[in-house]
Ligand SMILES: C[S@@+](CC[C@H](N)C(=O)[O-])C[C@H]1O[C@@H](n2cnc3c(N)ncnc32)[C@H](O)[C@@H]1O
């Protein structure tokens, strides 16, 4: 279980939006090409709700699910207007065990959120929950860090820019198929003082072939491993991608 805590949730909300901003136009283009009828979306492991916001502003109805009450608090503040007009809701649940009241047309889970699950059993259980949450013909799109990509976590990196000092100390344990990084840093406040934050984040290295197998076991078909730049087109060698975008249909 990896619910991000309050200090990291605050920093994530301030600094980790660019990924959502990058994937949104690609996701939207892909979904619009599949002629959504009602534009209903599940954002699984929605975090602070940045990607949800972009879809909501484009007229979608979004249900966000996350394990962390602190991340969800930001998601609710960031999307207050949409919650008030009934087009957004955010609730706390574990991705490996949740249910929606009404099925949706599309489901997403981004920024290697599903790598946070700890075992194949958890991932399969998550896929079954997503499958139950989708309407017939619905589409699930998510990204994972590949085992190849997670080897890059085996290092230390330091960055210091725009009043934001960040240290990553990572370790990839190949025998346990698990990469862990300790993220620590300081954010410069308006007062000139620095606020310290920290989080330990672990990713499970799920093998692509096993992921495909589990999606099919959960009932999905037409499973495609692709790059963000060419969503829907199978990439030549998914095992040598750092991050892979996976599409599966109900
Ligand atoms: C890297 S963040 C991604 C957030 C968001 N999807 C984005 O693109 O910015 C991972 C998120 O997954 C959530 N999370 C981790 N384990 C989870 C679980 N088992 N069930 C639901 N959410 C989980 C964390 O709380 C965090 O908000």
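Can you list the strands (runs of 3 or more DSSP E) lying wholly within the stretch 83-155 that have 2 or more residues being out of contact with any helix residue (DSSP H, G or I) (no Cβ under 8 Å at 6 or more places or on another chain) and surrounded by fewer than 22 Cβ atoms within 10 Å (Cβ to Cβ)?
Result: 134-145.
Within the stretch 203-229, work out how many residues are closer than 30 Å to residue 162 by Cα, in contact with a strand residue (DSSP E or B) (Cβ under 8 Å, 6 or more places away or on another chain) and surrounded by fewer than 19 Cβ atoms within 10 Å (Cβ to Cβ).
So the answer is 1.
From the residues in the stretch 158-167 that are assigned to a strand (DSSP E or B) and either at pLDDT below 90 or out of contact with any strand residue (DSSP E or B) (no Cβ under 6 Å at 6 or more places or on another chain) (or both), which one is surrounded by the fewest Cβ atoms within 10 Å (Cβ to Cβ)?
Applying the first criterion (assigned to a strand (DSSP E or B)) to the stretch 158-167 yields 158-161, 164-167.
Restricting the remaining residues to those that are either at pLDDT below 90 or out of contact with any strand residue (DSSP E or B) (no Cβ under 6 Å at 6 or more places or on another chain) (or both) gives 159-161, 164-166.
Values: 159: 11, 160: 11, 161: 7, 164: 15, 165: 16, 166: 17.
Applying the filter and picking the extreme gives 161.
Conditions tested, residue by residue: (1) under 18 Å from residue 15 (Cβ atoms); (2) without any contact (Cβ under 8 Å) to a residue 40 or more places away in the chain; (3) in contact with a strand residue (DSSP E or B) (Cβ under 9 Å, 6 or more places away or on another chain).
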| position | (1), (2), (3) |
| --- | --- |
| 113 | yes, no, yes |
| 154 | no, yes, yes |
| 174 | no, yes, no |
| 184 | yes, yes, yes |
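Kindly check whether there is at least one residue in the stretch 131-151 that is at pLDDT below 95, more than 16 Å from the ligand (Cβ to nearest atom) and over 17 Å from the mean Cα position of the chain (by Cα).
So in the stretch 131-151, the residues at pLDDT below 95 come out as 151.
Narrowing the set further to residues that are more than 16 Å from the ligand (Cβ to nearest atom) leaves 151.
This time we only want the ones that are over 17 Å from the mean Cα position of the chain (by Cα), so: 151.
Yes, that holds for at least one residue.
Do the conditions hold for residue 211, that is, is it touching a helix residue (DSSP H, G or I) at 6+ places or on another chain (Cβ under 6 Å), closer than 30 Å to residue 105 by Cα and either assigned to a strand (DSSP E or B) or in contact (Cβ under 8 Å) with a residue 12 or more places away in the chain (or both)?
Taking the combined requirement at face value, the residue does not satisfy it.
Of all residues in the stretch 1-20 being surrounded by fewer than 20 Cβ atoms within 10 Å (Cβ to Cβ) and within 10 Å of the ligand (Cβ to nearest atom), which is farthest from residue 188 (Cα to Cα)?
1
Could you list, in sequence order, all residues of the stretch 22-69 that are within 11 Å of the ligand (Cβ to nearest atom) and outside any helix (DSSP H, G or I)?
Of everything in the stretch 22-69, those that are within 11 Å of the ligand (Cβ to nearest atom) and outside any helix (DSSP H, G or I) turn out to be 43, 44, 45, 46, 47, 48, 49, 64, 65, 66, 67, 68.
The values are calculated or read from the model by the stated rules, or taken from the named source; none is laboratory data. If you're wondering where the values come from, they're calculated on a predicted model, not measured in any experiment. Here the Cβ is made from the backbone with ideal geometry for all residues, glycine too, and neighbour counts use every protein chain on show.
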